[in-house]
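Enquirer: Mind having a look at this structure? Questions to follow.
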Amino acid sequence: MKDWESRNARSWLNDTDSVVSDPTEGGAPSHEGLDESPLVATLSALEASGPAQPRPRPTTSQVPNPTHAARNPASQAAVSRQGQSINRALPNAGTAGRPSLPPAGQSNSFRRSTSHPQMGNLRSRINNGAGSGESSADSGEGVARSSRWQPQGDTNKRRYRASTQGGTARESGQARSLSTRPLAKEIWADPVGLVTTKRAAYNEYTARTTQEREQYLRPPPTDESFPSTGTYLWPYRRQSPLDLLGSKLAPLATVRTEHKVFIQCVATINNIQYLRISSRDCKADLAPVFDGIRRAVQDAKAREISASPTFIFVPPTAQAMRKIVRPEVYQTVVPMRAKDFVLSGDFLSPEERLIWQSDRPGMVAKNQQLFQTTLIAGLKDLEPLKGWMRMRVTFGHVEMRNFQTPFADGQYSFEQFAAMVRSPRQDSVFEKKIGGSETAIKLSEKIVGWPTKFVPANGRTKSLNDVKFKDTAILFIETNTGQGLRLEAEIDRLYEQEQSEFQAGSVRLFIKEKTHKSLNITVVDVERKLDWQLEVITDSEQFEVPSPLYALIKESISVKSKVRKDCHGLEYPEITPSRNSQSEFSIQSIVVRSVIQYKFLDSGFFVELAIFREWLGANTMGDPTMKASVSMFHPEWDTHMESIEHTTRIRDFGTGLTNLFNYQTDWLIPFLDEVAFTQGLLVDVARAIKAEAALKAQVAGDRAVAAAVQAAKDVMAQYGPKA
């Protein structure tokens, strides 16, 4: 397109002025200058394609003003015949009836038409450029007075100036946006952005490699002969490859694309199933392919593991041992529950105490062997798993949901209690929340008082007193389809000029249905009244968080979030999810978790204290329910249990799990000692809290008694007999 045609088109699209031009000499419209315009040629072709239709009545309000063209019947008839067909070809003909004025000094260059105002203004700006207030045609300079739009009887001078001279810039802009913008979108395509040579080469390379990789995810071509083939015999008779790996063999996608092979499931007549491997490389080494298939099959089998809890009972000491074990808190009606198991009944006789004392070391050794054997066997079964895993030691209490009435009546011995808990029909849960938030605060104070035993978990922090809590927002969400989601976002705090602001950091999404306990070892300690559990959780993290959920968590935590304080003086942001973004899901509860970590100086194990503030629903205006939990782990656990999906990496826990325990062969006893030490600290804290609560209750009772006595004295002094 030529330069003058570009200016012509832009002028036409941006024009909203309404003026009328003079007819040419002799009353006939001139066709000079129109042959070179492709747009006009198109409109002429549309005119010749069919008979002219009556022009629709303009939808805009018109002022009945006679023009020079209207007073010339011959010219008006010729122009109207051409204008009807032209106007019919325009998508936006609402501005019909607004006449056009040619540029000054070029009145004979174009045909004049009152039925197509845009075309008139298009031609009027060929040599003058776009702009309603700059061209001589719009202003009327150099044009005969008779060719201007001269309203008769119209006293609205402002509308007259706006229609003949373009009006103000604001009025011209409003008219331009209302009348010509839809027309521009319908006629002109969006320009294609410029692409650099480097970007174009990268796009070509990406498209080529993607197409090459995706071809191996489809079945091999039937008409192609492959020089290298292999066969992987299926090792399971009761489970086919399609049952374990899916109809598209999705777990083998990484093996197929990285080694550039086709893998197809084949079944013979004798029901012998195998995987056929095909490669276009005549010198292909298929040994890594077989290893990748074997690991993918083991990973699929590991995902099916669902752990049943293994219970280990710590034998009480001879001094604390009694003949009865009973629950302190229980409920015999549905739903049944029993927890807080204690030793009760008579103490052992001197002879029984000696026997128990001599047998106890063997019981402890047997428990340690059972713990080690169960842990090694369970983790070796999970070692081929490619997904994300997490192993933690958590302190809490075992709660039974199904028990017999004699147990609540205090008629079970220690052996009978252990046999009842280990029963396969027994239903029990492990409560990880131990007391209120004061448990974490007091345990933190106790750890800070042991600088020879603990150090900060973060190496950049020098003193135990400088360790701070880290906050995480957790939203438990249920979709319209009933799917449970857990949305977690780290809360970052920025300090600027003595003011702090909150913002959401990394966001993670987990699916409730895909969270499994793959290993569960529960240790019941009746003497200390505090149990602990080692569990391995396999979870499926959604790396791509949907945009509605991502926007929800970002709006809930922002720089505008208010700072709130709990009863311990700890600050945390106010979580305020937007109600407008909750149409496709509902928020079941909101939790703000505050975590503080310390590290054992010698072994390197972490002790993690967490405070949970929970609100039911999406409203966080009220006071939350506060609870605490305490857990232990080693950093090597998280390193070796991270997700290796979509990779060819191999997970290795080492011989006897040495890689998980700081590469030590004799790791069992030191590990159990650290757990027992942390358990002892928690027992001391629980006793201190219980004694403090009892003391407060006693003080409150004494005050109530004193107040009652004083009130009685006042009554006697007022209404009693007077001396």
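Enquirer: Accessible area of region 522-613 with a 1.4 Å probe: how many percent of it is carbon plus sulfur?
Expert: Working: 1830 of 3980 Å².
The computed percentage sits at 46.
Enquirer: Moving on. For region 533-662, with every protein chain kept in place, what is the accessible area per residue (1.4 Å probe, Å²)? Intermediate values should be presented prior to the final figure.
Expert: Values: 6010 Å² over 130 residues.
Heavy-atom accessible area per residue stands at 46 Å².
Enquirer: In Å², what does the accessible area per residue of region 255-298 work out to with a 1.4 Å probe? Write down the numbers at each step before the final one.
Expert: Details: 2340 Å² over 44 residues.
In whole numbers, region 255-298 has 53 Å² accessible per residue.
Enquirer: Of Met420, Ile434, Thr405, which is farthest along the charge dipole of region 405-450 in the positive direction, counting Lys and Arg as +1 and Asp and Glu as -1 at C-beta?
Expert: So the residue we want is Ile434.
Enquirer: DSSP loop GluC sites (Glu not before Pro) in region 278-382 with at most 15 other Cβ atoms within 10 Å of their Cβ, which ones? Working shown, then result.
Expert: Values: sites: Glu304, Glu328, Glu351, Glu352; in loops: Glu304.
Answer by residue number: Glu304.
Enquirer: Given H placed on each backbone N at 1.01 Å, which residues far from Gly654 in sequence or on other chains put an amide H within less than 5 Å of it?
Expert: HN-HN under 5 Å from Gly654: Asn659.
Enquirer: Additional query: Is region 593-723 rounded, prolate or oblate when judged by the Cα gyration tensor, a ≥ b ≥ c being the square roots of its eigenvalues, rounded requiring a/c under 1.5 and prolate requiring a/b larger than b/c?
Expert: Working: a/c = 7.23, a/b = 2.60, b/c = 2.78.
In terms of gyration-tensor shape, oblate.
Enquirer: Each residue of region 550-567 in turn: what ³J(HN,Hα) in whole Hz from Karplus with 6.51, -1.76, 1.60 and θ = phi - 60°, glycine and Pro shown as x?
Expert: 5, 5, 4, 6, 5, 6, 6, 10, 8, 5, 8, 5, 6, 8, 10, 10, 8, 5
Enquirer: Treat every Asp and Glu Cβ in region 600-723 as -1 and every Lys and Arg Cβ as +1, leave all other atoms uncharged, and give the resulting dipole magnitude about the Cα centre to the nearest 20 debye.
Expert: On the way: 10 positive and 16 negative charges, 222 e Å.
About 1060 debye.
Enquirer: Now for a different question. What residues qualify as long-range amide H neighbours of Arg564, i.e. H under 5 Å apart, gap of 5 or more or another chain, H built at 1.01 Å from N?
Expert: Amide H neighbours of Arg564, under 5 Å, 5+ apart: Tyr572, Glu574.
Enquirer: For region 423-472, which whole-number percentage of the solvent-accessible area (1.4 Å probe, protein heavy atoms only) is attributable to carbon and sulfur atoms? Walk me through the numbers before you get to the answer.
Expert: Numbers: 1450 of 3010 Å².
Here carbon and sulfur together make up 48 percent of the probe-accessible area.
Enquirer: Let me ask something else about it. Pulled fully out, how much extra length does the chain show between Ala419 and Tyr274, if you take 0.36 nm times their separation in residues and subtract their Cα-Cα distance?
Expert: Values: separation 145, 0.36 × 145 = 52.20 nm, distance 4.60 nm.
Gain in length upon complete extension: 47.6 nm.
Enquirer: Continuing with this model, one more query. HN-Hα J couplings of region 473-485 from phi, Karplus 6.51/-1.76/1.60, θ = phi - 60°, integer Hz, Gly and Pro as x?
Expert: 9, 10, 10, 8, 10, 10, 7, 5, 8, x, 7, x, 10
Enquirer: Could you list which residues have their amide H under 5 Å from that of Trp388, counting only those 5 or more apart in sequence or on another chain, with H placed in the peptide plane?
Expert: Close amide H contacts, sequence-distant or interchain: Asp539, Glu541.
Enquirer: Over all distinct Cα pairs, what is the inverse of the mean 1/r for region 289-440, reported as the Kirkwood hydrodynamic radius in Å?
Expert: On the way: mean 1/r = 0.0538 Å⁻¹.
Every distinct Cα pair counted, the radius reaches 18.6 Å.
Enquirer: Could you rank the peptides 230-241, 198-209 by their average count of other C-beta atoms within 10 Å per residue, with the highest value first? The partial results should precede the final answer.
Expert: Details: 230-241: 13.3, 198-209: 10.2.
Highest-to-lowest ranking by the protection proxy: 230-241, 198-209.
Enquirer: Also, I was wondering about something else. Output the pairs from Lys462/Lys627; Lys301/Lys432; Lys442/Lys696; Lys386/Lys517 with a Cα-Cα distance over 24 Å in this structure; if there are none, say none. It would help to have the intermediate numbers written out before the result.
Expert: Working: Lys462/Lys627 29 Å; Lys301/Lys432 29 Å; Lys442/Lys696 17 Å; Lys386/Lys517 16 Å.
Violating the 24 Å Cα-Cα cut-off are Lys462/Lys627; Lys301/Lys432.
Enquirer: For a protection proxy built on the mean count of beta-carbon atoms within 10 angstrom, sort 670-679, 401-410, 254-263 highest first, please.
Expert: On the way: 670-679: 17.4, 401-410: 14.5, 254-263: 19.8.
Ranked by mean Cβ neighbours within 10 Å, highest first: 254-263, 670-679, 401-410.
Enquirer: Okay, moving on. Restricting to DSSP loop positions (anything but H, G, I, E, B) with no more than 10 other Cβ atoms inside 10 Å of their own Cβ, which trypsin sites (Lys or Arg not before Pro) remain in region 555-647? Walk me through the numbers on the way to the answer.
Expert: Details: sites: Lys560, Lys562, Arg564, Lys565, Arg579, Arg593, Lys599, Arg613, Lys627; in loops: Lys560, Lys562.
Sparse-neighbourhood loop trypsin sites (Lys or Arg not before Pro): Lys562.
Enquirer: Additional query: Go through region 341-353 residue by residue and turn each phi into a ³J(HN,Hα) via Karplus (6.51, -1.76, 1.60, θ = phi - 60°); whole Hz please, and just put x for glycine and proline.
Expert: Going residue by residue, I get 6, 9, 7, 9, x, 7, 6, 6, 6, x, 5, 5, 5 Hz, with x marking Gly and Pro.
Enquirer: Shifting gears a bit: So if I place +1 on the C-beta of Lys and Arg and -1 on the C-beta of Asp and Glu, and nothing else carries charge, what would the dipole magnitude of region 317-406 be about its Cα centre? I want it in debye, nearest 20.
Expert: Details: 13 positive and 9 negative charges, 68 e Å.
I would put it at about 320 debye.
Enquirer: Additional query: Please go through region 655-723 and write out the trypsin sites (Lys or Arg not before Pro) that DSSP classes as loop and that have at most 16 other C-beta atoms within 10 Å.
Expert: On the way: sites: Arg687, Lys690, Lys696, Arg703, Lys713, Lys722; in loops: Lys722.
Within region 655-723, the qualifying trypsin sites (Lys or Arg not before Pro) (loop, at most 16 other Cβ atoms within 10 Å) are Lys722.
The values are calculated or read from the model by the stated rules, or taken from the named source; none is laboratory data. Keep in mind that what you see is a predicted model, and the values were worked out from it rather than measured. Quick reminder, even Gly has a Cβ in these numbers, built from the backbone with ideal geometry, and neighbours come from all protein chains shown. Areas reflect the complete protein model, heavy atoms only, side chains present, ligands, DNA and RNA absent. Shrake-Rupley method; radii C 1.70, N 1.55, O 1.52, S 1.80 Å.
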